[in-house]
Amino acid sequence: VDKTLPFSEIIELNVGGQVYVTRHKTLIAVPDSLLWNMFSKKSPKDLARDSKGRFFLDRDGFLFRYILDYLRDLNLVLPDYFPEKSRLQREADFFQLRDLAKRLSPRVSKDNSISEEISQSDTEDGAQQCGSSGGADALRTVSVGGAVRSPSLDSRKSGYITIGYRGTYTIGRDIQTDAKFRRVARITVCGKTSLAKEVFGETLNESRDPDRPPERYTSRYYLKYNFLEQAFDKLTEAGFHMVACSSTGTCAYTSNDPNEDKIWTSYTEYVFCRD
(Lines give C-alpha, C1' and ligand atoms only; values in the text may rest on other atoms or scores of the structure.)
Protein backbone atom coordinates (compact mmCIF):
# COMPACT_ATOMS: atom_id res chain seq x y z
CA VAL A 1 0.00 0.00 0.00
CA ASP A 2 1.29 3.43 -0.91
CA LYS A 3 1.85 5.33 2.34
CA THR A 4 2.69 8.66 0.69
CA LEU A 5 0.28 11.50 1.35
CA PRO A 6 -1.84 12.10 -1.77
CA PHE A 7 -3.28 15.40 -0.49
CA SER A 8 -1.56 18.76 -0.29
CA GLU A 9 -0.98 20.40 3.09
CA ILE A 10 -3.59 23.11 2.40
CA ILE A 11 -7.06 21.92 1.40
CA GLU A 12 -9.81 23.99 -0.23
CA LEU A 13 -13.40 22.92 0.44
CA ASN A 14 -16.72 23.97 -1.01
CA VAL A 15 -19.37 23.13 1.58
CA GLY A 16 -22.85 23.94 0.31
CA GLY A 17 -21.51 26.94 -1.59
CA GLN A 18 -19.31 28.25 1.24
CA VAL A 19 -15.57 28.09 0.63
CA TYR A 20 -13.21 27.00 3.42
CA VAL A 21 -9.43 26.73 3.41
CA THR A 22 -7.79 24.57 6.07
CA ARG A 23 -4.90 22.23 6.75
CA HIS A 24 -5.03 18.57 5.84
CA LYS A 25 -4.12 17.59 9.42
CA THR A 26 -7.18 19.51 10.69
CA LEU A 27 -9.55 17.46 8.55
CA ILE A 28 -8.11 14.18 9.84
CA ALA A 29 -7.91 15.26 13.50
CA VAL A 30 -10.62 12.79 14.64
CA PRO A 31 -9.88 9.16 13.68
CA ASP A 32 -12.73 7.18 12.10
CA SER A 33 -14.73 10.35 11.39
CA LEU A 34 -16.17 10.92 7.91
CA LEU A 35 -13.55 13.53 7.01
CA TRP A 36 -10.78 11.30 8.36
CA ASN A 37 -11.95 8.51 6.07
CA MET A 38 -12.28 10.86 3.11
CA PHE A 39 -8.86 12.49 3.44
CA SER A 40 -6.76 9.62 4.75
CA LYS A 41 -8.30 6.48 3.23
CA LYS A 42 -9.18 7.82 -0.20
CA SER A 43 -7.24 9.60 -2.91
CA PRO A 44 -8.13 13.03 -4.36
CA LYS A 45 -9.50 11.49 -7.56
CA ASP A 46 -12.10 9.57 -5.51
CA LEU A 47 -13.69 12.73 -4.06
CA ALA A 48 -16.23 15.06 -5.64
CA ARG A 49 -14.99 18.47 -6.77
CA ASP A 50 -16.62 21.68 -7.90
CA SER A 51 -15.88 23.52 -11.15
CA LYS A 52 -12.81 25.19 -9.60
CA GLY A 53 -11.31 21.96 -8.32
CA ARG A 54 -12.26 22.39 -4.66
CA PHE A 55 -13.45 19.31 -2.77
CA PHE A 56 -17.23 19.49 -2.56
CA LEU A 57 -19.49 18.54 0.37
CA ASP A 58 -23.24 18.91 -0.03
CA ARG A 59 -23.87 20.02 3.56
CA ASP A 60 -24.84 23.18 5.45
CA GLY A 61 -22.06 25.66 4.65
CA PHE A 62 -22.88 27.99 7.55
CA LEU A 63 -22.79 25.28 10.23
CA PHE A 64 -19.60 23.73 8.84
CA ARG A 65 -17.62 26.60 10.38
CA TYR A 66 -18.38 25.12 13.81
CA ILE A 67 -17.41 21.64 12.64
CA LEU A 68 -14.08 23.04 11.47
CA ASP A 69 -13.58 24.99 14.70
CA TYR A 70 -14.10 21.79 16.65
CA LEU A 71 -11.59 19.87 14.53
CA ARG A 72 -8.89 22.48 15.16
CA ASP A 73 -8.61 21.90 18.91
CA LEU A 74 -11.46 19.49 19.77
CA ASN A 75 -13.24 22.27 21.64
CA LEU A 76 -16.39 24.18 20.75
CA VAL A 77 -17.65 27.56 21.95
CA LEU A 78 -21.00 28.61 20.51
CA PRO A 79 -22.22 32.22 20.28
CA ASP A 80 -24.89 33.60 22.60
CA TYR A 81 -28.46 32.54 21.86
CA PHE A 82 -27.37 29.98 19.27
CA PRO A 83 -30.70 28.78 17.79
CA GLU A 84 -29.39 25.92 15.64
CA LYS A 85 -27.91 23.52 18.19
CA SER A 86 -30.12 20.64 17.03
CA ARG A 87 -29.12 21.18 13.40
CA LEU A 88 -25.46 21.34 14.40
CA GLN A 89 -25.93 18.04 16.25
CA ARG A 90 -27.27 16.55 13.01
CA GLU A 91 -24.16 17.79 11.19
CA ALA A 92 -21.94 16.30 13.90
CA ASP A 93 -23.73 12.96 13.46
CA PHE A 94 -23.26 13.13 9.70
CA PHE A 95 -19.54 13.82 10.02
CA GLN A 96 -19.33 10.98 12.59
CA LEU A 97 -17.96 13.24 15.33
CA ARG A 98 -19.41 11.25 18.20
CA ASP A 99 -18.00 13.33 21.05
CA LEU A 100 -19.28 16.57 19.55
CA ALA A 101 -22.71 15.08 18.88
CA LYS A 102 -22.86 13.88 22.48
CA ARG A 103 -22.07 17.37 23.79
CA LEU A 104 -24.86 18.86 21.67
CA SER A 105 -27.52 16.25 22.48
CA PRO A 106 -30.37 17.06 24.93
CA ARG A 107 -30.01 15.51 28.36
CA VAL A 108 -32.74 13.64 30.23
CA SER A 109 -33.17 14.74 33.85
CA LYS A 110 -34.21 12.61 36.81
CA ASP A 111 -37.89 13.37 36.32
CA ASN A 112 -37.63 12.16 32.69
CA SER A 113 -38.14 15.64 31.27
CA ILE A 114 -35.88 16.59 28.39
CA SER A 115 -33.55 19.49 29.08
CA GLU A 116 -30.66 21.13 27.33
CA GLU A 117 -27.51 22.52 28.90
CA ILE A 118 -26.54 26.10 28.26
CA SER A 119 -22.85 26.38 27.48
CA GLN A 120 -20.79 28.87 29.42
CA SER A 121 -20.89 31.28 26.49
CA ASP A 122 -24.68 31.15 26.14
CA THR A 123 -25.46 33.70 28.87
CA GLU A 124 -23.52 36.08 31.04
CA ASP A 125 -25.53 34.97 34.06
CA GLY A 126 -24.94 31.23 33.62
CA ALA A 127 -22.11 31.00 36.13
CA GLN A 128 -24.06 32.90 38.80
CA GLN A 129 -27.10 30.71 38.30
CA CYS A 130 -25.04 27.53 38.59
CA GLY A 131 -23.37 28.78 41.74
CA SER A 132 -26.60 29.66 43.51
CA SER A 133 -28.79 26.74 42.55
CA GLY A 134 -26.51 23.88 41.67
CA GLY A 135 -27.12 24.37 37.96
CA ALA A 136 -30.83 23.56 38.00
CA ASP A 137 -31.77 27.06 36.88
CA ALA A 138 -29.26 26.92 34.06
CA LEU A 139 -31.34 24.35 32.22
CA ARG A 140 -33.85 25.26 29.59
CA THR A 141 -36.85 22.97 29.29
CA VAL A 142 -37.54 21.59 25.83
CA SER A 143 -41.07 20.60 24.92
CA VAL A 144 -41.87 17.28 23.24
CA GLY A 145 -42.07 19.07 19.90
CA GLY A 146 -38.50 20.31 20.33
CA ALA A 147 -39.22 24.00 20.95
CA VAL A 148 -37.10 25.64 23.63
CA ARG A 149 -38.88 27.71 26.24
CA SER A 150 -37.27 29.75 28.98
CA PRO A 151 -37.92 28.85 32.63
CA SER A 152 -39.16 32.37 33.32
CA LEU A 153 -39.62 35.68 31.56
CA ASP A 154 -37.29 37.30 34.08
CA SER A 155 -34.29 35.43 32.65
CA ARG A 156 -34.58 37.20 29.30
CA LYS A 157 -32.38 40.20 28.67
CA SER A 158 -34.00 43.61 28.31
CA GLY A 159 -33.11 45.92 25.45
CA TYR A 160 -34.15 47.66 22.25
CA ILE A 161 -34.36 46.52 18.63
CA THR A 162 -34.99 48.95 15.77
CA ILE A 163 -36.60 47.73 12.55
CA GLY A 164 -36.18 49.91 9.46
CA TYR A 165 -37.27 49.68 5.86
CA ARG A 166 -37.24 51.78 2.70
CA GLY A 167 -40.22 51.59 0.36
CA THR A 168 -41.32 53.28 -2.87
CA TYR A 169 -44.61 53.52 -4.68
CA THR A 170 -46.02 55.32 -7.70
CA ILE A 171 -49.24 57.35 -7.91
CA GLY A 172 -50.63 57.63 -11.44
CA ARG A 173 -51.92 60.76 -13.17
CA ASP A 174 -55.48 59.55 -12.87
CA ILE A 175 -56.46 60.02 -9.23
CA GLN A 176 -58.69 56.97 -9.52
CA THR A 177 -55.75 54.81 -10.51
CA ASP A 178 -54.54 52.51 -7.77
CA ALA A 179 -51.10 53.27 -6.39
CA LYS A 180 -48.45 50.90 -7.65
CA PHE A 181 -46.54 49.71 -4.62
CA ARG A 182 -43.09 48.27 -4.95
CA ARG A 183 -42.07 45.46 -2.68
CA VAL A 184 -40.06 46.40 0.39
CA ALA A 185 -36.47 45.85 -0.70
CA ARG A 186 -34.88 45.10 2.68
CA ILE A 187 -35.79 45.15 6.36
CA THR A 188 -32.83 46.24 8.48
CA VAL A 189 -32.25 45.26 12.11
CA CYS A 190 -30.36 47.51 14.52
CA GLY A 191 -29.49 46.61 18.10
CA LYS A 192 -27.41 44.30 20.26
CA THR A 193 -26.21 41.24 18.38
CA SER A 194 -27.33 38.74 21.05
CA LEU A 195 -30.88 40.13 21.10
CA ALA A 196 -31.16 40.16 17.30
CA LYS A 197 -30.03 36.52 17.08
CA GLU A 198 -32.38 35.48 19.88
CA VAL A 199 -35.43 37.03 18.20
CA PHE A 200 -34.79 36.31 14.52
CA GLY A 201 -32.59 33.19 14.61
CA GLU A 202 -31.73 31.77 11.20
CA THR A 203 -33.91 34.36 9.42
CA LEU A 204 -31.28 36.99 10.30
CA ASN A 205 -28.79 37.73 7.52
CA GLU A 206 -25.41 38.58 9.06
CA SER A 207 -23.40 38.63 5.82
CA ARG A 208 -22.64 42.37 6.04
CA ASP A 209 -21.35 42.16 9.62
CA PRO A 210 -20.21 38.58 10.36
CA ASP A 211 -18.59 37.36 13.58
CA ARG A 212 -19.73 40.32 15.65
CA PRO A 213 -19.42 39.67 19.42
CA PRO A 214 -22.78 39.10 21.15
CA GLU A 215 -22.60 42.19 23.37
CA ARG A 216 -21.72 44.59 20.55
CA TYR A 217 -24.27 46.65 18.64
CA THR A 218 -24.83 46.55 14.88
CA SER A 219 -26.89 48.36 12.28
CA ARG A 220 -25.86 46.14 9.39
CA TYR A 221 -28.05 43.09 9.89
CA TYR A 222 -31.13 42.53 7.75
CA LEU A 223 -33.83 39.90 7.42
CA LYS A 224 -34.13 37.17 4.80
CA TYR A 225 -37.78 38.05 4.14
CA ASN A 226 -39.65 41.23 3.19
CA PHE A 227 -42.76 41.15 5.36
CA LEU A 228 -42.89 43.66 8.21
CA GLU A 229 -45.73 41.74 9.87
CA GLN A 230 -43.53 38.65 10.07
CA ALA A 231 -40.81 40.65 11.82
CA PHE A 232 -43.39 42.16 14.20
CA ASP A 233 -44.73 38.69 15.04
CA LYS A 234 -41.21 37.49 15.88
CA LEU A 235 -40.65 40.45 18.18
CA THR A 236 -44.01 40.00 19.89
CA GLU A 237 -43.35 36.31 20.51
CA ALA A 238 -40.05 37.27 22.15
CA GLY A 239 -41.79 39.69 24.52
CA PHE A 240 -41.02 42.99 22.74
CA HIS A 241 -43.52 45.82 22.23
CA MET A 242 -43.37 48.88 19.99
CA VAL A 243 -42.47 52.12 21.78
CA ALA A 244 -41.79 54.54 18.90
CA CYS A 245 -42.09 54.98 15.16
CA SER A 246 -40.76 57.60 12.74
CA SER A 247 -40.96 58.05 8.98
CA THR A 248 -39.65 60.42 6.33
CA GLY A 249 -40.70 60.69 2.70
CA THR A 250 -39.78 62.40 -0.56
CA CYS A 251 -41.60 62.80 -3.84
CA ALA A 252 -40.22 62.98 -7.38
CA TYR A 253 -41.65 62.94 -10.90
CA THR A 254 -40.75 60.29 -13.45
CA SER A 255 -40.14 63.13 -15.94
CA ASN A 256 -40.19 66.93 -16.13
CA ASP A 257 -43.89 66.81 -16.93
CA PRO A 258 -45.83 67.50 -13.69
CA ASN A 259 -48.72 65.49 -15.14
CA GLU A 260 -46.63 62.36 -15.18
CA ASP A 261 -46.58 59.76 -12.42
CA LYS A 262 -45.20 60.71 -9.03
CA ILE A 263 -42.77 58.40 -7.25
CA TRP A 264 -42.83 58.50 -3.45
CA THR A 265 -39.94 57.17 -1.42
CA SER A 266 -40.18 56.66 2.33
CA TYR A 267 -37.93 55.43 5.12
CA THR A 268 -39.58 54.19 8.29
CA GLU A 269 -38.18 52.95 11.60
CA TYR A 270 -39.99 51.08 14.38
CA VAL A 271 -38.43 50.90 17.83
CA PHE A 272 -39.27 47.84 19.98
CA CYS A 273 -38.43 47.37 23.63
CA ARG A 274 -38.37 44.46 26.09
CA ASP A 275 -38.27 45.51 29.74
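The values are calculated or read from the model by the stated rules, or taken from the named source; none is laboratory data. Since the structure is predicted, the reported quantities are computational estimates derived from the model, not experimental observations. No Cβ is skipped: glycine too gets one built from the backbone with ideal geometry, and neighbour counts run over all protein chains shown. Just the protein is used for accessible areas: all its heavy atoms, side chains included, with ligands, DNA and RNA removed. Shrake-Rupley method; radii C 1.70, N 1.55, O 1.52, S 1.80 Å.
If you filter the range 63-96 down to residues that are in a loop (DSSP other than H, G, I, E, B) and at pLDDT 95 or above, you find that the one that is surrounded by the fewest Cβ atoms within 10 Å (Cβ to Cβ) is Gln96.
In this structure, is Ser109 hydroxyl-bearing (Ser, Thr, Tyr), surrounded by fewer than 17 Cβ atoms within 10 Å (Cβ to Cβ) and either assigned by the TED database to the domain that holds Thr26 or modelled with pLDDT of 95 or more (or both)? It is false that Ser109 is hydroxyl-bearing (Ser, Thr, Tyr), surrounded by fewer than 17 Cβ atoms within 10 Å (Cβ to Cβ) and either assigned by the TED database to the domain that holds Thr26 or modelled with pLDDT of 95 or more (or both). Going by what's in this entry, would Leu57 be described as open to solvent by less than 30 Å² (accessible area, probe 1.4 Å), under 16 Å from Arg87 (Cβ atoms) and of a type outside the set (S, T, N, Q)? Taking the combined requirement at face value, the residue satisfies it. A search for C-beta distances below 7 Å between a residue of the range 202-229 that is at negative phi and in the same structural domain as Val189 (by the TED database) and any residue that is open to solvent by 100 Å² or more (accessible area, probe 1.4 Å) and not in a loop (DSSP other than H, G, I, E, B), counting only pairs 6+ apart in sequence or on different chains, returns Arg208/Arg220; Asp209/Arg220. Just one residue in the set Val15, Val21 is open to solvent by 30 Å² or more (accessible area, probe 1.4 Å) and of a type in the set (A, V, I, L, M, F, W, C); that residue is Val21. If you go through the range 30-62 and keep only what is of a type in the set (S, T, N, Q) and assigned to a helix (DSSP H, G or I), you end up with Asn37, Ser40. Only a single item in (1) surrounded by 11 or more Cβ atoms within 10 Å (Cβ to Cβ); (2) within 27 Å of Ser86 (Cα to Cα); (3) at pLDDT below 60 is not met by Leu153, and it is number (1).
Residue check, Leu34 against (1) out of contact with any strand residue (DSSP E or B) (no Cβ under 6 Å at 6 or more places or on another chain); (2) among the aliphatic types (A, V, I, L, M); (3) open to solvent by 80 Å² or more (accessible area, probe 1.4 Å), all met but one. Which one? Leu34 satisfies all of (1) out of contact with any strand residue (DSSP E or B) (no Cβ under 6 Å at 6 or more places or on another chain); (2) among the aliphatic types (A, V, I, L, M); (3) open to solvent by 80 Å² or more (accessible area, probe 1.4 Å) except (3). Inclusion of Thr268 among residues that are at pLDDT below 90 and within 17 Å of Arg166 (Cα to Cα) is not warranted. One residue stands out among those in the range 164-192 that are out of contact with any Asp or Glu (no Cβ under 7 Å at 6 or more places or on another chain) and modelled with pLDDT of 90 or more: the one that is farthest from Leu223 (Cα to Cα), which is Gly191.
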